[in-house]
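Presented below is the structure to which this report refers.
The values are calculated or read from the model by the stated rules, or taken from the named source; none is laboratory data. For clarity, every value in this text was computed on a predicted model and none was experimentally measured. We place every Cβ from the backbone using ideal geometry, glycine too, and count neighbours over all the protein chains shown.
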Amino acid sequence: MSIISVNRLGMRSATLKWIVLVATVVIGLIIAIQLYWLNDIYQLEQKQFDTNVVKCVRGLFEDLELSDSPGGHLQQMITLRPSSNVFVIRIDRLPAGNELVKFVTRELLDFNILTKCNLALFDGSRQEYVYHRTIYLPGPETSDTFYPTGVYVQDYSYILLNFPDRSSYILSQLGFWIGGSIILILLLTGLSVSLFFFYKQKFLIEVQKDFVNNFTHEFKTPLAVMKIAADVLSSPGIVQQPQRLEKYAKIITNETEHLENQVERLLKTAVSEHGNLKVRKESVQVGELIHQALSKLQPLIEKKQVRIELKLEEEKELTVKADKVHLELALVNLIENAIKYSDQPVVVIEAGMGSSGKFILVKDNGIGIEERYLKHIFKKFYRVPTGNVHNVKGFGLGLNFVKKIVSAHGGKVMVSSVPDIGTVFKIILPE
């Protein structure tokens, strides 16, 4: 049951869909690798910065004789790293402050560490900072703006080197790589978006072609039947054959009603696409609504010898606040599908009160729908693949319009189906 036919549209676009998917995955991998590589370079630059600071410290010990053991290992000299920006360097002798600033500045310039450095000298015997300066590179040599906010209390003297702008300085060193990476990521993202819109445009073109083909087939057959019937009615002597005259006149009437119904659906769907579907609610008797929907489908019911089973125990009392015209059209769609997709149709229509509100249920004994397709059946133009079954035509708009109508009433449509057993559609409307 439902809008079921060969899903030619999906088959035609499957290859393109996979190409776009693979291209998107490749672009995503390139971006991920680029970001990983950029982070790796940043980590290397951090290590290089620390290595250069260690070289500066080695130079200080050589220039100022700060240690009683000149051959001591540097790892023993840099005794503390409270954070990535701070280096605490153990010393045995306290140098003069101005002399320390001079040599630190020279070492930083020699190793190309051109960022602000807060320098402080801690006296272990007095347990306080006895000297502090800020060194700006490349800029004014010194300034008195730095005041240590915390004391790293130790039982020895040390030199404190604090590089507050370390992270931003390292990032500035990577400016070319970051800029190039950003441009590359933007280009790849733009390419990915372009592929998505290309696929969407291609899909819309396929939808348009599929719709035109369906439209042509849906109208061609009734028109051909009407032409044949008209030729028979215009033949000489038809007046002397009243039974034959009535038969072909009825054929023309039925086919005309069929075309009118299809045009009505297309027009209502087109109107609904321009905005939210507007409904005019009034008190509607559910039983009467179901009977009117069945009367519109009477020619099809007689043609396929459908057995209709009504379960309307509360027929006289059950009413809903709804737009009569639209809700009737939704029922016509559901009942027509139940008839079309069954070889020997038995359609059960039930109405009543449920825990979620008032409901109308349409059940059939048709070919059913596989579970994997159920989530797609309310999409516009979607038609479920059915193997070798090709005898049912349609636009793929019916269930999409049913959902729009029910949603406009604040309700919902539920569906359950078992292949080769049948399908159940349940419209639930609020109280």
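At a glance:
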| read-out | value |
| --- | --- |
| Residue 104 modelled with pLDDT of 90 or more and either buried (at least 17 other Cβ atoms within 10 Å of the Cβ) or more than 19 Å from residue 117 (Cα to Cα) (or both) | yes |
| Failed condition for residue 70, given (1) modelled with pLDDT of 85 or more; (2) outside any helix (DSSP H, G or I) | (1) |
| Among (1) surrounded by 14 or more Cβ atoms within 10 Å (Cβ to Cβ); (2) closer than 30 Å to residue 97 by Cβ; (3) modelled with pLDDT under 85, the one test that residue 46 misses | (3) |
| Condition met for residue 308 (more than 22 Å from residue 278 (Cβ to Cβ), modelled with pLDDT of 85 or more and under 26 Å from the mean Cα position of the chain (by Cα)) | no |
| Leading residue by the ranking (modelled with the highest pLDDT) among those in the stretch 374-413 that are within 26 Å of the chain's Cα centre (by Cα), under 14 Å from residue 337 (Cβ atoms) and not hydrophobic (A, V, I, L, M, F, W, C) | 403 |
| Among residues of the stretch 335-367, those that are touching a Ser or Thr at 6+ places or on another chain (Cβ under 6 Å) and surrounded by 22 or more Cβ atoms within 10 Å (Cβ to Cβ), counted | 3 |
| Among the candidates 89, 41, residue that is in contact (Cβ under 8 Å) with a residue 60 or more places away in the chain and either in contact with a strand residue (DSSP E or B) (Cβ under 7 Å, 6 or more places away or on another chain) or over 30 Å from residue 175 (Cα atoms) (or both) | 89 |
| Selected residue (criterion: modelled with the lowest pLDDT) from residues of the stretch 112-137 that are more than 18 Å from residue 89 (Cα to Cα) and in contact with a helix residue (DSSP H, G or I) (Cβ under 8 Å, 6 or more places away or on another chain) | 137 |
| Test set (1) over 30 Å from residue 159 (Cβ atoms); (2) modelled with pLDDT of 80 or more - residue 18 fails condition number | (2) |
| Complete set of residues in the stretch 310-352 that are of a type in the set (A, V, I, L, M) and over 13 Å from residue 287 (Cα atoms) | 322, 325, 329, 330, 332, 334, 335, 338, 339, 346, 347, 348 |
| Top-ranked residue of the stretch 155-191 - restricted to ones that are closer than 30 Å to residue 96 by Cα and part of a loop (DSSP other than H, G, I, E, B), ranked as modelled with the lowest pLDDT | 155 |
| Pair list, Cβ under 9 Å, 6 or more apart: the stretch 189-217 residue within 18 Å of residue 26 (Cβ to Cβ), other residue surrounded by 11 or more Cβ atoms within 10 Å (Cβ to Cβ) and at pLDDT below 65 | 199/13 |
| Total residues in the stretch 154-188, condition β-branched (Val, Ile, Thr), touching a residue at least 24 places away in the same chain (Cβ under 8 Å) and within 23 Å of residue 36 (Cβ to Cβ) | 3 |
